[in-house]
Amino acid sequence: MLAPMTSEPEQQFGVGAPDAFQRLWTPHRMAYIQGEGKPTGPGADDGCPFCSIPAKADEDGLIVARGELVYAVLNLYPYNGGHLMVVPFRHVADYTELDGAETAELADFTKRAMRALREAAGAHGFNIGMNQGSVAGAGIAAHLHQHIVPRWGGDTNFLPVVGHTKVLPQLLADTRKMLADVWPTV
């Protein structure tokens, strides 16, 4: 039997003095923190998720669109709803390793991602970038990927700043379908 809901926060004793803050628990993030699914080495056969995602159905891999040389995929741990990544199919770690055709398609997919996010979700702006190497913050440094993070006026509130928690208003599968549906038109 489930315990009845109460409006009073539960106290957890033994963890310090109560500070009047309520905690938002996000245990699903522990997989990311502990490195679950991260490559064990620099090679394509070392467990690289960006190499294995294209073998999945679009819905299962959260792929929004596929090109000849790159694909657009939702971030499993998004900074904001609609956070996409453009990833080359070829396993390369550094932007300078892309050939001209890959660079061109990566740029085109970035522009298309922006248009899709504006059309489907009304994005007001974007943070776009790549973290090159683990020292620069790349969670998966062995396989290049460019982030496209949509932004809206007023999308920053106290939760990310104080609580280090992001509230996402939509399930990833629903976001993937919404963006995939408009992708061919952008």
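Once the stretch 47-98 is narrowed to residues that are among the polar types (S, T, N, Q) and part of a helix (DSSP H, G or I), the residue that is surrounded by the most Cβ atoms within 10 Å (Cβ to Cβ) is Ser52. Put simply, of Asn127, Asn131 the only residue that is open to solvent by 40 Å² or more (accessible area, probe 1.4 Å), within 18 Å of Tyr79 (Cβ to Cβ) and either β-branched (Val, Ile, Thr) or not in a loop (DSSP other than H, G, I, E, B) (or both) is Asn127. In a residue-by-residue description of the stretch 143-153, the property of being surrounded by 14 or more Cβ atoms within 10 Å (Cβ to Cβ) and farther than 27 Å from Met178 by Cα applies to no position.
Would you confirm, using the coordinates I've provided, whether Ala101 is over 17 Å from the mean Cα position of the chain (by Cα) and modelled with pLDDT of 95 or more? Yes; evaluated as a whole, the condition is true for this residue. Look at the stretch 118-139: where a residue is under 29 Å from Cys48 (Cβ atoms) and a partner is acidic (Asp, Glu), sitting 6+ places away or on another chain with Cβ atoms under 9 Å, you get Ala120/Asp181; Gln132/Asp94; Gly133/Asp94.
Residue check: is Asn80 at pLDDT 90 or above and within 24 Å of Pro49 (Cβ to Cβ)? Give the steps one after another, and end with the answer.
On the way: at pLDDT 90 or above: no; within 24 Å of Pro49 (Cβ to Cβ): yes.
No.
Within this structure, Asn80 passes the test of being in contact (Cβ under 8 Å) with a residue 24 or more places away in the chain, more than 13 Å from Ala180 (Cβ to Cβ) and polar (S, T, N, Q).
The values are calculated or read from the model by the stated rules, or taken from the named source; none is laboratory data. As the structure is a computational prediction, the values presented were derived from the model and not from experiment. Don't worry about glycine lacking a Cβ; one is built from the backbone with ideal geometry, like all the others, and counts go over all protein chains shown. Side chains included, ligands, DNA and RNA excluded: accessible areas come from the protein's heavy atoms. Shrake-Rupley method; radii C 1.70, N 1.55, O 1.52, S 1.80 Å.
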